[in-house]
Amino acid sequence: MRAHQQGVKTLALTDHDTLEGLAEAHQAANELGLHLINGVEMSCVWGGATIHILGYNFALDDSVILEATQALHTGRWLRSEEIARRLAAKGIPDALEGAQAVQAALGDSLNAPARPHFAQFLVKAGHVRDHTEAFRKWLGAGKIGDVKQHWPSFEDTMATLGRAQAQISLAHLYHYNFTRTKRRRLVQDFVNAGGHALEVVNGMQPAEQVGTLSILAREFNLKVTAGSDFHLPQQWSELGRYRALPDDLTPLITQVQA
């Protein structure tokens, strides 16, 4: 509904490590006349760091991707429980229940609550002033709520998406604290593993980053994706709002707005 209200005509739903919302989203999209593309954003490990790989246009009943996302789904629940346990040890009780209440208010009660849900709980419970402070004090990198998970390897994740015949894009390269050399090495490994596209535009990221990623896409002969990276209302960016792709680049999927 929110995508429709924002004027989005084509939407790729790429939730983290789950397909849970796609069936319901297809029903709503059909009612609204909106073109919905199956998608997922899968977590994996490359070079000792957690990165995200986007998969598009796979069959919703594909057994390979269903098995992989179920394993990730279970791991995310264990991670959420550990975040809540750590917060409770620091005098913040009922964080899991609070984060789940945030999810329920958003119409999502099946998946494990993620750090943005915990952040909103911390705000609502008066522990922090805003989302930014929640991550700075409790949930950001190196903080007590930054619980690491044993993600699958980059190679296994690429193989999973390949077997599912998904179109594959490497997500938001500038979200990772990589040097220029390490970014290029990741892109090369992605190409070698059968990747199709580079996410050149992620919300309203700085124009110079779009320029650098566009150069990489041209150099490695990759198609490109763009998206709003919408997570929750009034956080990150709004659905359908992101910088324009350079005209000379070839989109992986025509008119995707997600």
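The values are calculated or read from the model by the stated rules, or taken from the named source; none is laboratory data. A quick note: this is a predicted structure, and the numbers were derived from the prediction, not measured. All Cβ positions, even for glycine, are placed from backbone atoms using ideal geometry, and neighbour counts span all protein chains on display.
Restricting attention to the stretch 40-51, does a residue exist that is modelled with pLDDT of 90 or more, over 18 Å from the mean Cα position of the chain (by Cα) and in the same structural domain as Ala166 (by TED's automatic domain parsing)?
Looking through the stretch 40-51, at least one residue is modelled with pLDDT of 90 or more, over 18 Å from the mean Cα position of the chain (by Cα) and in the same structural domain as Ala166 (by TED's automatic domain parsing).
Residue-by-condition table, conditions (1) part of a helix (DSSP H, G or I); (2) surrounded by fewer than 18 Cβ atoms within 10 Å (Cβ to Cβ); (3) in contact with a Lys or Arg (Cβ under 8 Å, 6 or more places away or on another chain):
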| site | (1), (2), (3) |
| --- | --- |
| Ala29 | yes, no, no |
| Cys44 | no, no, no |
| Ile51 | no, no, no |
| Leu60 | no, yes, no |
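Take the conditions surrounded by 22 or more Cβ atoms within 10 Å (Cβ to Cβ), in a helix (DSSP H, G or I), of a type outside the set (Phe, Trp, Tyr) and in the same structural domain as Asp156 (by TED's automatic domain parsing) and apply them to Leu186. Does it pass?
Values: surrounded by 22 or more Cβ atoms within 10 Å (Cβ to Cβ): no; in a helix (DSSP H, G or I): yes; of a type outside the set (Phe, Trp, Tyr): yes; in the same structural domain as Asp156 (by TED's automatic domain parsing): yes.
When the stated conditions are applied, Leu186 does not pass them.
Looking only at residues that are in contact (Cβ under 8 Å) with a residue 40 or more places away in the chain and in contact with a Ser or Thr (Cβ under 7 Å, 6 or more places away or on another chain) in the stretch 177-202, which one is nearest to Ala159 (Cα to Cα)?
It comes out as His196.
Go through (1) under 30 Å from Ile253 (Cβ atoms); (2) not assigned by TED's automatic domain parsing to the domain that holds Ser43 and name the single condition Arg129 misses.
Here Arg129 clears every test but (1).
Take the residues in the stretch 1-21 that are small (Gly, Ala, Ser) and not in a loop (DSSP other than H, G, I, E, B), then tell me which one is modelled with the highest pLDDT.
First, the residues of the stretch 1-21 that are small (Gly, Ala, Ser): 3, 7, 12, 21.
Cutting the leftovers down to not in a loop (DSSP other than H, G, I, E, B) gives us 3, 12.
On the way: Ala3: 56, Ala12: 86.
My answer is Ala12.
Output the residues belonging to the stretch 120-138 that are among the aliphatic types (A, V, I, L, M), surrounded by 17 or more Cβ atoms within 10 Å (Cβ to Cβ) and in contact (Cβ under 8 Å) with a residue 24 or more places away in the chain.
Leu122, the sole residue that qualifies.
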